[in-house]
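Chemist: Structure provided below as structure tokens; questions to follow.
The values are calculated or read from the model by the stated rules, or taken from the named source; none is laboratory data. These figures come from a predicted structure and were not determined experimentally. Glycine also receives a Cβ, built like all others from the backbone with ideal geometry; neighbour counts cover every protein chain displayed. Calculation scope for accessible area: heavy atoms of the full protein, side chains included, ligands and nucleic acids excluded. Shrake-Rupley method; radii C 1.70, N 1.55, O 1.52, S 1.80 Å.
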Amino acid sequence: MGSGTSTRHHSAFQNAERTFKAAALIQRWYRRYVARLEMRRRCTWSIFQSIEYAGQQDQVKLHDFFSYLMDHFIPSSHNEREFLTRMFTEDRFTQDPEMEKCSDYESIEVPDSYTGPRLSFPLLPDHATALIEAFRLKQQLHARYVLNLLYETKKHLVQLPNINRVSTCYSEEITVCGDLHGQLDDLIFIFYKNGLPSPERSYVFNGDFVDRGKDSVEILMILFAFMLVYPKEFHLNRGNHEDHMVNLRYGFTKEVMNKYKIHGKEILRTLQDVFCWLPLATLIDEKVLILHGGVSDITDLELLDKIERNKIVSTMRCKTRQKSEKQMEEKGKANRKSSAQEPIPWFLPQSRSLPSSPLRLSSYKAHKTNRSSSIPCGGCLDGRELSRQVRSSVELELERCRQQAGLLVTGQKEEASRSASEADSEAGELQKPTQEEWRQVVDILWSDPMAQEGCKANTIRGGGCYFGPDVTQQLLQKYNLQFLIRSHECKPEGYEFCHNRKVLTIFSASNYYEVGSNRGAYVKLGPALTPHIVQYQANKVTNTLTMRQRISRVEESALRALREKLFAHSSDLLSEFKKHDADKVGLITLSDWAAAVESVLHLGLPWRMLRSQLVNSSADNMLEYKSWLKNLAKEQLSHENIQSSLLETLYRNRSNLETIFRIIDSDHSGFISLDEFRQTWKLLSSHMNIDITDDCICDLARSIDFNKDGHIDINEFLEAFRLVEKSCLEGDTSECPQATNAKDSGCNSPAFSVSAHCNSASWVQTILLPQPPE
Amino acid sequence: MADEKDREEIIVAEFHKKIKEAFEVFDHESNNTVDVREIGTIIRSLGCCPTEGELHDLIAEVEEEEPTGYIRFEKFLPVMTEILLERRYRPIPEDVLLRAFEVLDSAKRGFLTKDELIKYMTEEDRVSLCRLGW
């Protein structure tokens, strides 16, 4: 109670206080909302990255497996030997004699109806700009001009040193761009925003121009054209994706064959040559080193300067000169150095008898917490005793594989490696690089920086190293450099500094994982070489979405990919869940779910954070795991009801299988012979734990070969063919009669019915063979 | 009695795993530390809704004696477990939130303009008034 005024003041004060409190409340709530969004964004990122790296690991694993077989396998017949040689040896075409004579492209006619750009050489700036414009209008460059451009590009590249030295005194500014991965929109945007290349405007593109995106060809054409037009100002570095082996898996090979049905083969063959002649690094003013991946503690720029870079056609495990040869060369160096440098292949039992091998593959997150002592890449195994152990366990494993593959063994490992190297020298005229040379290049193209000091094997990618700030410092000091620019890793903001701002990662493919997932960026080096970053996101759609919508879209995409992966491991998950369900109630706690999922998938993801998106909230925190797995399967299956566990195996090996088929089809003809198919399948089945008899394989091969001409058209096969297990139309897979088939010897040609839909996922069908063993 | 203790242990173990997961998402150098500026995000993503003032107090609790700008997991874990066990900083129920908006919308229009919202959200006095125990 008081006078009128004070009451009014009092209530005014009360009002103000209420307002403040309301605002504070809303603030609190809003902060929580933003925090949850941020958490979701980070988790989504982790999902994409871990799946991406696991995929890369797969690729390397696969290649290692094949190369290993190649090294140690003794074919029992001449045919088998030839087949394997052809399949696994990197095709090195001796281009030089071909270069001298009139190249094939001149004989290619360009029809009058062709409305795309026509190139003539020497190229003029107008041609290059015309290319950009043409591609923007979705035109395609005629194969003749593609090949012509590639030949001219190679002629130019051959003159360049391994480490390109560039000076800023000629042009006012230098712009460095990172990975583009076939995303033409980003390249066009960069030129639009930053300006076209010119004598006053230098560019460096730091590798990974191709794969994944859909316009890799067009990007190469533009980049090569500008390089020919402005040779002093336009520079390209090789990335780990400028590699035909990697292209087989990540989409570039497919893109070329799709766009150039007649001349695709030749284009790919020519590209192999162009890629291996790309420079390895660019050095600006002797101060800023630009390379694609990173460095290691043994990176030696002088050595890199001197090697013949074109010898390294692919950075996947390649043939290196035999150690015995090298030893003889080095005039009696101690045996110790070379005895156990052969890393133990991942698929051999190693954790039991041997210490941490540098090639032990681990999950994305796990590696980061692995504080084991820094192992210098490739050199930690010691002693001949060790190598003897390796050899014996190798022999055992090899024997098993051989038996499963039904191939006979005669002779010893020594003979094997000798005959393998014979095959090498038959296959290619160029001398192979030494182990060290190869290692140097792999390090440059595949390594990633890490926060901890030291240098350890990059087990996630399967090649190169993780290098710490001390390694960077050491290198910069040794060569008197200011800082390093590299790419190779996607970053949410398109760039990232690390190692005390001595290493800059620059990544130019925006929306890399999904629309809205990340920005792209490029860096301009001004006077005194200070970096100035420009970011962008080349997609109009994202600008109209709210942040929450953007995050939701990307998240949904990541979750879809994750669910697919979960489904692909259904059987393993089921057995893992059962372990937590001792009383066989059919229920496990959500905590057990998280533990089980991680132990099967090894992705190092925050499963509890993701749980609400993957598992329907159940009462009292228990999960009926069998129905959960069934629901997963239901999502993945389309109209046709395909045998679930087989589909699962397929999914798990899908990209591998496609890669394998493309490897088999080494001349990119689109056909593989029945014989090749059978032989490859035998080798694969031991690797993939699928029990398949010879008869089944023959049956399958024959049933795929529609027109009975002894060849399987791979494109049709992969894209149009569909097999459905009649006996397994609906219901519980555990009751599927397929399960009983395993008891009978071989499969009794289950009734396959063929429906001829065209579907990109249809390669799946092939393998609807007898059940994998339980 | 023994049963309850077991149950509590299980709950605590589960909390520990949750907290560790959330923490690791922000542990960029994989050395069991996070930037102090991310602590708020971590705590909030675990379901809590502290005011800024409460957050500052929490940070003071988990910081080193000589603040390094980083929070270590070892210090964070027990404090966060306690918070979860005690169900502190519960999120705001929707109806209360709605009423808060209604308070700010004195003219009863059913909306707030962007400028108004910004004005309300960014005045600093809020912080001190939070301490009035809202």
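Chemist: Going down the table (A:LYS254/A:LYS630; A:LYS456/B:LYS18; A:LYS565/A:LYS630; A:LYS579/A:LYS630; A:LYS565/A:LYS634), which pairs top 23 Å between alpha carbons?
Modeler: A:LYS254/A:LYS630; A:LYS456/B:LYS18, as the Cα separations exceed 23 Å there.
Chemist: So for each of A:24-33, A:274-283, B:94-103 I average, over its residues, the number of other beta carbons within 10 Å; can you give me the resulting order with the highest mean first?
Modeler: A:274-283, A:24-33, B:94-103
Chemist: What number, in percent, do you get for the relative contact order of chain B if the mean sequence gap of Cα pairs under 8 Å and at least 6 apart is divided by its residue count?
Modeler: 25
Chemist: Could you please state how large a percent of the accessible area of region A:229-268 is carbon and sulfur, counting protein chains only and using a 1.4 Å probe?
Modeler: Solvent-exposed carbon and sulfur of region A:229-268 make up 58 percent of the total.
Chemist: Take every residue in peptide B:115-123, count the Cβ atoms of other chains within 10 Å of its Cβ, and give the average of those counts.
Modeler: Mean partner-chain Cβ count within 10 Å for B:115-123: 2.
Chemist: Highest mean first, how do A:627-634, A:230-237, A:509-516 rank when packing is the count of other Cβ atoms within 10 Å averaged over residues?
Modeler: Listed from highest to lowest mean packing, they are A:509-516, A:230-237, A:627-634.
Chemist: Considering only protein heavy atoms, with the full assembly of protein chains and a 1.4 angstrom probe, order A:SER202, A:SER575 by accessible area, largest first. Before the final figure, lay out each step's value.
Modeler: Numbers: A:SER202 5, A:SER575 60 Å².
Greatest to least solvent exposure: A:SER575, A:SER202.
Chemist: Taking Cα atoms of chain B, Rg/Rh with Kirkwood Rh, to two decimals?
Modeler: Rg divided by Rh gives 1.06.
Chemist: Then there's this: Please give me the summed charge of the neighbours of A:TYR230: other residues whose Cβ is under 11 Å from its Cβ, Lys and Arg +1, Asp and Glu -1.
Modeler: Details: positive: A:ARG201, A:LYS232; negative: A:GLU200, A:GLU233.
Combined, the nearby Lys, Arg, Asp and Glu give 0.
Chemist: Here is a follow-up. Treat each spin label as a single point 7 Å out from the Cα along the C-beta direction, and report the A:ASN631 to A:HIS580 distance in nm.
Modeler: Here the answer is 1.5 nm between the modelled labels.
Chemist: Ok, one more. Summarise the partner chain shielding of A:12-24 as one whole number: the mean count of Cβ atoms from other chains within 10 Å of each residue's Cβ.
Modeler: 6
Chemist: Around B:ILE71, with a cut-off of 9 angstrom between Cβ atoms, what is the net charge of the other residues, counting Lys and Arg +1 and Asp and Glu -1?
Modeler: In short, -2.
Chemist: Hey, another quick one. Using the Cα centre as the reference, give the magnitude of the dipole from point charges on the C-beta atoms of region B:1-86 (Lys, Arg: +1; Asp, Glu: -1; all else neutral), rounded to the nearest 20 debye.
Modeler: 300
Chemist: Mind listing which GluC sites (Glu not before Pro) in region A:105-172 are in a DSSP loop and have 10 or fewer other Cβ atoms within 10 Å?
Modeler: Loop-located and lightly packed - A:GLU109.
Chemist: Then there's this: Any idea of the total accessible area buried by the B-A contact, 1.4 Å probe, rounded to 100 Å²? Before the final figure, lay out the partial values.
Modeler: Working: alone 9830 and 36460 Å², together 42670 Å².
Looking at B and A, the buried total is near 3600 Å².
Chemist: Further, regarding this structure: Per residue, how much accessible area does region B:1-86 have with a 1.4 Å probe, in Å²?
Modeler: Accessible surface, normalised per residue, equals 52 Å².
Chemist: Helix B:94-104 sits at what angle to the longest principal axis of chain B, using alpha carbons and giving 0 to 90 degrees rounded to 10?
Modeler: Helix B:94-104 and the main axis of chain B meet at about 40 degrees.
Chemist: By the gyration tensor of its Cα atoms, with a ≥ b ≥ c the square roots of the eigenvalues, what is the shape of region A:465-605: rounded for a/c under 1.5, prolate for a/b over b/c, or oblate?
Modeler: oblate
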